[in-house]
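Read the structure below first, then the notes.
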Amino acid sequence: MQNELKVVSNATCTFCGCVCDDIELTVEGNHITKAKNACVLGKAWFLNHQAGEGPVARIRGKEATVEEAVEEAARILVDAKFPIIYGLSDTTCEAQRVTVAIADWVGASIDTTTSVCHGPSGMAFQGVGEITCSLGEVRNRADLVIFWGSNPAESHPRHWGRYSTMPKGLFVPNGRKDRTVVLVDVRRTKSAPAADIFLQIKPRKDFEVLWMLRALVKGLTINEADLIDTGVTLEQLQNLVDRMKACKFGVLFFGMGLSMTRGKHLNVEAALALARDLNAFTRFYANPMRGHGNVTGADNVVSWQTGYPFGVNLGRGYPRFNPGEFTTTDTLARKEADAAMIIASDPMGNFSQAAREHLASIPFIALDTKETSTTRAAAVAFTTATYGINVPGTVYRMDDVPIPLRPAFESPYPSDEKILRALEKKVLHLLQAKLQASN
Ligand code: SF4
């Protein structure tokens with residue numbers, strides 16, 4: 001078994017939101033030795049994969065059986081007054097779905113890593129709506145592609161080659177030659193040389209530039225004096241507007257350079273409104289460049305079941321959406337949460353000090369494929385198998401298209417879904433017992 005050689009075709013890389021599903025893996029025993037078609041990030045994801053080490057479950061640092069750990073985890077959640085659940089962007093939709101059910105049973109706040117990346121985009125979608133298309137449509141139709149506050153050459157290396165700028169498509173038969181590529185950013189990134197037009201705007205001026213583009217699209221008059229130190233000239237903006245109105249199919253991909261700079265959700269609302277306005281003249285879309293492999297799945301699954309994508313509180317028996325009130329960094333920093341469950345994320349490694357200090361002071365459960373500062377501090381920690389490499393299931397590409405996973409080999413550890421299903425069962429059991437005791 002150890003040295004068995006096999007090839008897995010059309011495997012799916014879950015390292016970034018492109019979720020490339022054309023990877024050919026060569027697997028020797030429990031090692032992936034080749035990952036054909038993967039980019040440098042995808043190769044590192046597959047070839048450096050190592051199954052977690054140590055026990056499958058620990059309670060306060062001591063090795064435990066899965067049953068004991070599930071029992072303790074369920075007790076922590078059921079006994080809490082304000083439990084919170086966080087993470088979810090690096091696991092399957094099947095596991096996410098069970099997690100929402102657990103959140104519902106215990107009346108938790110459920111939040112995903114969206115709240116610290118494209119959370120403002122999620123708020124803007126609720127306000128303006130999403131003018132969206134699939135990456136397949138972009139590949140076959142787009143003749144104007146704009147990247148705003150995003151550096152795909154380094155963050156999503158195959159986005160250009162597979163979907164957005166290089167491939168030959170049905171209505172763009174000459175591929176790159178049939179497309180105009182525009183990059184808007186505050187600095188000249190590695191993506192800039194590959195663009196036809198690079199607009200370097202001043203930091204924190206995204207909203208102003210987008211609003212002026214909207215005005216020009218609507219035919220309003222703008223003077224150079226109105227540009228208020230945005231770093232671009234009126235001629236550059238008018239040129240871009242002319243191209244946007246004249247294209248047959250335009251798309252604006254925006255990254256965290258737009259959603260996490262000054263203006264946040266207002267910036268994204270401006271980008272979405274610009275795409276909406278342009279549909280009076282042509283077909284135009286605006287899509288976020290999502291980072292984690294299944295962060296889009298997390299948004300979708302939480303939205304299916306609660307109506308909102310992240311920062312949702314189920315404590316009153318119905319969903320309430322309020323980023324800032326129910327998002328995890330905030331409930332922790334304000335010391336409101338009294339128990340937590342963290343799935344496939346490492347908040348102890350990247351949250352604010354106030355949030356980390358409070359998390360460390362309350363009982364919490366952690367599920368991860370490897371040991372992290374979060375699993376080390378957890379009251380109950382589970383080591384789980386890696387989605388996509390060991391675990392089958394479904395993930396969502398950044399354009400909301402669901403993609404199946406084709407795992408390479410089995411892990412000695414259980415999947416997140418398996419642990420969460422056992423946990424849901426135990427939570428229900430304890431809740432029923434509690435109910436009976438109170439009657
Ligand atoms: S672009 Fe992203 S999903 Fe595709 S192979 Fe590279 S890291 Fe993996």
Of the conditions (1) closer than 25 Å to ALA38 by Cα; (2) assigned by TED's automatic domain parsing to the domain that holds ARG421, the single one that VAL106 does not satisfy is (1)
Members of the stretch 78-110 found to be open to solvent by 10 Å² or more (accessible area, probe 1.4 Å) and either closer than 23 Å to ALA355 by Cα or assigned to a strand (DSSP E or B) (or both), listed by number: VAL78, ASP79, ALA80, LYS81, PHE82, ASP90, VAL106, GLY107
Wholly enclosed helices (runs of 4 or more DSSP H) of the stretch 220-317 bearing at least 1 residues under 15 Å from VAL209 (Cα atoms): 234-246, 256-259, 265-278
Of all residues being crowded, with 24+ Cβ neighbours inside 10 Å and among the hydrophobic types (A, V, I, L, M, F, W, C) in the stretch 325-336, which is nearest to PHE310 (Cα to Cα)? Just the residue, please. PHE326
SER150 meets each of (1) in contact (Cβ under 8 Å) with a residue 60 or more places away in the chain; (2) away from the ligand (no atom under 16 Å from the Cβ); (3) crowded, with 16+ Cβ neighbours inside 10 Å with one exception, condition (2)
Can you pull out the residues in the stretch 166-198 that are under 25 Å from MET260 (Cα atoms) and either open to solvent by 10 Å² or more (accessible area, probe 1.4 Å) or in a loop (DSSP other than H, G, I, E, B) (or both)? ASP185, VAL186, ARG187, ARG188, THR189, LYS190, SER191, PRO193, ALA194, ALA195, ILE197, PHE198
Flag for ALA381 being in contact with a helix residue (DSSP H, G or I) (Cβ under 7 Å, 6 or more places away or on another chain), among the small types (Gly, Ala, Ser), farther than 24 Å from HIS31 by Cβ and buried (at least 24 other Cβ atoms within 10 Å of the Cβ): yes
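Table: residues versus (1) in contact with a Leu (Cβ under 7 Å, 6 or more places away or on another chain); (2) at pLDDT below 95; (3) among the β-branched types (Val, Ile, Thr).
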{"site": "THR165", "(1), (2), (3)": "no, no, yes"}
{"site": "GLY219", "(1), (2), (3)": "no, no, no"}
{"site": "GLU224", "(1), (2), (3)": "yes, yes, no"}
{"site": "ASP229", "(1), (2), (3)": "no, yes, no"}
In the set THR14, THR26, the lone residue that is within 12 Å of the ligand (Cβ to nearest atom), polar (S, T, N, Q), crowded, with 16+ Cβ neighbours inside 10 Å and not assigned by TED's automatic domain parsing to the domain that holds ARG376 is THR14
Inspect the stretch 401-424 for any residue being outside the structural domain of ARG162 (by TED's automatic domain parsing), open to solvent by 40 Å² or more (accessible area, probe 1.4 Å) and on the phi > 0 side of the Ramachandran plot and give the result as yes or no. no
One residue is enough: does the stretch 342-355 have a residue meeting the conditions open to solvent by 10 Å² or more (accessible area, probe 1.4 Å), in the same structural domain as ALA69 (by TED's automatic domain parsing) and touching a Gly at 6+ places or on another chain (Cβ under 7 Å)? yes
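The values are calculated or read from the model by the stated rules, or taken from the named source; none is laboratory data. Quantities reported herein were computed from a predicted structural model and do not represent experimental measurements. No Cβ is skipped: glycine too gets one built from the backbone with ideal geometry, and neighbour counts run over all protein chains shown. For the accessible areas, the whole protein counts, side chains as well, though only heavy atoms, and no ligand, DNA or RNA atoms are used. Shrake-Rupley method; radii C 1.70, N 1.55, O 1.52, S 1.80 Å.
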